[in-house]
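A.B. asks: I'd like to ask some things about the structure below.
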Ligand SMILES: [Zn+2]
């Protein structure tokens, strides 16, 4: 830890600590010792390891460096508490950023891997105190390819945040999109800069930050397909890949059978099903879109369905930790409406055209 209490009951940073002074842990009040790591990162450690539940010992150099860098970053503009003792929940996030408006922001700098359950517990604990949580990821995350699921776990306002101590690099990733049979795509930006300050100010997330951060092409085809020949190529590639999956027996038999009973073949699914690029889905885009096409087929031509009833059937196809599914659903309906398949009115959807499966 970076902070301890001295004999006059004041908080003291490890890098300003005095070797002859006695220090105690702010949480359990037991004695701690001053240490200088290999790379001279001063920190405190419990004299006796056991017994302090609110703080994990054995912070790595990276973790200490990152915490310090993040502290300096936020302390320029905000009141920041380092390693706050939150005794109600026995948790000590790395930092607590006091925002002039909106809720306070707990910052966790995560270097090691963390299980889904433990992450959920940490989030729930902090949220129960009315805090928002921002996870900043360390080098181990920065340097590897993150799965869609893992990405969803750490998103804040549609962004991933990174800090790499060796390079003193602040970085964010955003505008995630996922084309089937391609790796995850995103844009990145160096520095938290204006992004985080507008977030940290507690300004209107949805209006300003939201649009800027996540409002960009969620379901968009421009990045993928810029000309007709590109579109033809793309569809051919997707259909071939999908056929290969079938041949390899990697598509669920019940889905294929379900289609067969309705006179459809998976490899003949409508082109529209192959054009999805939505990020946040736990299934491929083609699967998600196919389900939607089949649901609309069941509603029937010139029949209405409540938008909510349709959405209720589709939410299960997103990662549980993904927050923006309503945006994706809306964008997908809008795309269908623009293609003349459905007509949106208030909270209802009218089916005006059934998407055709392609012929041999
Ligand atoms: Zn302690």
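A.B. asks: If you take the residues of segment 29-40 that are assigned to a loop (DSSP other than H, G, I, E, B) and at pLDDT 85 or above, which of them is farthest from the ligand (Cβ to nearest atom)?
C.D. replies: Here the answer is 29.
A.B. asks: Go through (1) at pLDDT 95 or above; (2) over 28 Å from the mean Cα position of the chain (by Cα) for residue 290 and report which single condition fails.
C.D. replies: (2)
A.B. asks: For segment 5-38, what are the residues that are touching a helix residue (DSSP H, G or I) at 6+ places or on another chain (Cβ under 7 Å) and surrounded by 13 or more Cβ atoms within 10 Å (Cβ to Cβ)?
C.D. replies: Correct list: 34, 37.
A.B. asks: Which number in (1) touching a helix residue (DSSP H, G or I) at 6+ places or on another chain (Cβ under 7 Å); (2) over 30 Å from residue 185 (Cα atoms); (3) at pLDDT below 95 marks the one condition that residue 264 misses?
C.D. replies: Among (1) touching a helix residue (DSSP H, G or I) at 6+ places or on another chain (Cβ under 7 Å); (2) over 30 Å from residue 185 (Cα atoms); (3) at pLDDT below 95, residue 264 violates only (1).
A.B. asks: Oh, and also: Starting from segment 15-27, keep only residues that are closer than 16 Å to residue 41 by Cβ, then list their pairs with residues that are away from the ligand (no atom under 16 Å from the Cβ) whose Cβ atoms are within a distance under 6 Å, requiring at least 6 positions of separation or different chains.
C.D. replies: Going by the 6 Å Cβ cut-off, the qualifying pairs are 15/42.
A.B. asks: So which of 321, 311 is in contact with a helix residue (DSSP H, G or I) (Cβ under 6 Å, 6 or more places away or on another chain) and either assigned to a helix (DSSP H, G or I) or not assigned by TED's automatic domain parsing to the domain that holds residue 232 (or both)?
C.D. replies: 311
A.B. asks: Could you check how many residues of segment 281-297 are in contact with a strand residue (DSSP E or B) (Cβ under 9 Å, 6 or more places away or on another chain) and closer than 19 Å to residue 345 by Cα?
C.D. replies: 3
A.B. asks: Going residue by residue through segment 303-321, is there one that turns out to be within 30 Å of residue 153 (Cβ to Cβ) and at pLDDT below 95?
C.D. replies: yes
The values are calculated or read from the model by the stated rules, or taken from the named source; none is laboratory data. These numbers were taken from a predicted model, which means no experiment stands behind them. With ideal geometry, Cβ positions are generated from the backbone for all residues, glycine too; neighbour counts draw on all protein chains shown.
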